[in-house]
Amino acid sequence: MTLAALASVSVVGVGWQLGAQLTASQQTLATSVPAAAIGTAATATGTAATPSAAPSAAPTAAAAAPAAASGTFDGSVVHTRFGPVQVSVTIANGTITEVMALQLTNDGGRSVMISNQAAPILRSEVLAAQSAQVQNVSGATYTTGGYLTSLQAALDAAQF
Amino acid sequence: MPPSSSRPGTVMPPDARVSPEDGAGTGALTVTSMGTVLSIRFGRTVDPAAREAARDAVTRVFGRWDARFSLYRDDSELSRINRGELRLTQASPALRDCYALALDWRDRTDGVFTPHRADGVLDLSGVVKALAIDEAGGALHALGLGDWSLNAGGDVLVAGDQAPGLDWVAGIVDPEDRARTLAVVTLALPLRAVATSGSAERGDHIWSSGNGGASPYRQVSVLARDIVTADVLATAIIAGGEATLNRSTETWPVEVLAVLRDGSLLATPGLRA
C-alpha cells in the first residue's frame, strides 16, 4: 500500500485529453509534491477503493521540495492483478485532504472517474415521478406532425 | 433525411389539442419552427402582453436561425454555400461563428461530432437548434422573464422555478413507448439543460463518423449547464458509443442516461433514485 501511494502521488496528470503533455507535467510537477505529502499518502490510500490491489510497480522517486504543495494530483497507473489502478489525491498545504479512485477502462487505457461513470441501472432504479409533475419531456427530436401525438403535446394541452 | 411520420402506438387520443393561442396564465405557448414545435412555459403568471412578447421574441430568434442555416431551404445562406454559390470567406460572421463553434466541438469530441457530412455537405444542424434555444432564452431574459422553460423538439432549457420554490422537472421519453417517460430529472442550476438524441423519431439522422456501425445506444439524454453542450454530447455519444460516453462524463459536468439497443439503461450516479 505504501508503494502504491508513493508511485501514485509521485506523478501528476491533468487528464486523458492532455495525454501528450502528461510526461512533461509529470516531471515538472512531481517535484513539487513535498515529502510530507507523500508520507500521509500511505494512510490516505488505505481508504481508497482498491485497498487490496497491491502494486508491483516500484515507487518513483519524488524529490522533496521545501514548499508545501496544494492541488489535485493524478497518480500514475499501477498494474495489479485486479487490473490497472490509479488514484487522484487532493493536497492542501502539504496534507492530503482527499483520495479518489480513478478506474481504467479495459479498452483504450483511459482513466474514467468512478464518481461520474455511467453504469448499468435497472429501470426501477432511475428517478421517476408521475407525469403530472413533469412540465417538459426530452426526447429525440420530433417533427411538427410527431408533436401532435407526443407526450409533450399532452402536457402542453393539459397545461401542467 | 426527410422527416418521418410519427410513431404509431402512442396513447394520445387523436383529438388531443394544442392550445397555442391561450390567454394569460402559466400554460404553454407553442411555436412551430425548424420543422418542430417549441413549447414555452412560464413559472409564474405572465400577463397576456408579456406572453405575446415572449412568443414573438422566440419566434423571431428561431426564424432567423432557420432562415440562415436550414438545409431544407434553398435560399438559406448555408444552402448557398453548399451549392458553391457563396464561399465561406464571404459568409456572414454569424455563419462563420457557428461553423467555428461546430469545429470546436469536433475537436472536443475527437472528431465524433462533426459538421462535415459523409456526403460532403456542410451541416450545422447539430448546433443550430441548441444555439437558437440559447439565444431565445437570452431574449426571454431580456424581456425580464426569469422563470421559464423552452422545449424545442425535445431539447429543454429552463430558468428559475416552475412555480415559486419548485424546480422544473423534465421527463425523459421512453424510446420504446413514447407515451411514457423513462425517468424524470430536475432541471436546476447548475444543470438546467437536457437534450436527447436517438434514431427512433427522425430516422438515422446522426451520421456516424466512426466505424460506420450502428450505435450501441438507441437513445442518449445529457443534462448539462447549457443546451449546446447537452445537445452536442447527446449526439456525439450516439455516434461515438461507449468511448465517447465515458470521455464525456469525465470531461464535462454532465449527467447521462443512455438506452441501449436491448432496452437496458446506463446512468450516471446523479440520475439514480
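The values are calculated or read from the model by the stated rules, or taken from the named source; none is laboratory data. Quick caveat: nothing in here was measured; it's all calculated off a predicted structure. When we count neighbours, we look across all protein chains shown, and the Cβ atoms used for this are built from the backbone with ideal geometry, even at glycine. Areas reflect the complete protein model, heavy atoms only, side chains present, ligands, DNA and RNA absent. Shrake-Rupley method; radii C 1.70, N 1.55, O 1.52, S 1.80 Å.
Which one of these does A:Val77 not meet: (1) more than 9 Å from every other protein chain (Cβ to nearest Cβ); (2) open to solvent by less than 20 Å² (accessible area, probe 1.4 Å); (3) at pLDDT 60 or above?
(2)
Could you identify the single residue in A:Ala158, A:Ala61, A:Ala68, A:Ala92 that is at pLDDT below 65, more than 7 Å from every other protein chain (Cβ to nearest Cβ) and more than 24 Å from B:Thr249 (Cα to Cα)?
Numbers: A:Ala158 fails: at pLDDT below 65; A:Ala68 fails: at pLDDT below 65; A:Ala92 fails: at pLDDT below 65.
Within the list A:Ala158, A:Ala61, A:Ala68, A:Ala92, the selection yields A:Ala61.
Residue-by-condition table, conditions (1) in contact with a Cys (Cβ under 7 Å, 6 or more places away or on another chain); (2) more than 9 Å from chain A (Cβ to nearest Cβ); (3) under 22 Å from B:Ala130 (Cα atoms); (4) free of Cβ contacts under 8 Å to residues at least 60 places away in the same chain:
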residue	(1), (2), (3), (4)
B:Ile227	no, yes, yes, no
B:Val232	no, yes, yes, no
B:Gly240	no, yes, yes, no
B:Ala243	no, no, no, yes
B:Asn246	no, no, no, yes
B:Val254	no, no, yes, no
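Here is a list of conditions, (1) touching a residue at least 40 places away in the same chain (Cβ under 8 Å); (2) farther than 17 Å from B:Ile237 by Cβ; (3) among the aliphatic types (A, V, I, L, M), and B:Leu103 meets all of them except one; can you say which number that is?
Exception for B:Leu103: condition (1).
Just give me the residues in the range B:124-141 being more than 26 Å from A:Leu148 (Cα to Cα) and without any contact (Cβ under 8 Å) to a residue 60 or more places away in the chain, in sequence order.
Once the filter is applied, which keeps residues that are more than 26 Å from A:Leu148 (Cα to Cα) and without any contact (Cβ under 8 Å) to a residue 60 or more places away in the chain, the range B:124-141 yields B:Leu124, B:Gly138, B:His141.
Filter the range B:157-168 down to the residues that are buried (at least 22 other Cβ atoms within 10 Å of the Cβ) and either more than 18 Å from B:Phe62 (Cα to Cα) or touching a residue at least 40 places away in the same chain (Cβ under 8 Å) (or both) and list them by number.
Result: B:Leu157, B:Gln162, B:Trp168.
Among the numbered criteria (1) modelled with pLDDT of 75 or more; (2) closer than 30 Å to B:Gly126 by Cα; (3) out of contact with any Leu (no Cβ under 6 Å at 6 or more places or on another chain); (4) open to solvent by less than 40 Å² (accessible area, probe 1.4 Å), which one does A:Arg110 miss?
Every condition holds for A:Arg110 apart from (1).
Being under 26 Å from B:Asn151 (Cα atoms) and surrounded by 17 or more Cβ atoms within 10 Å (Cβ to Cβ) narrows it down to one of B:Leu103, B:Leu95, so name that one.
Among B:Leu103, B:Leu95, only B:Leu95 is under 26 Å from B:Asn151 (Cα atoms) and surrounded by 17 or more Cβ atoms within 10 Å (Cβ to Cβ).
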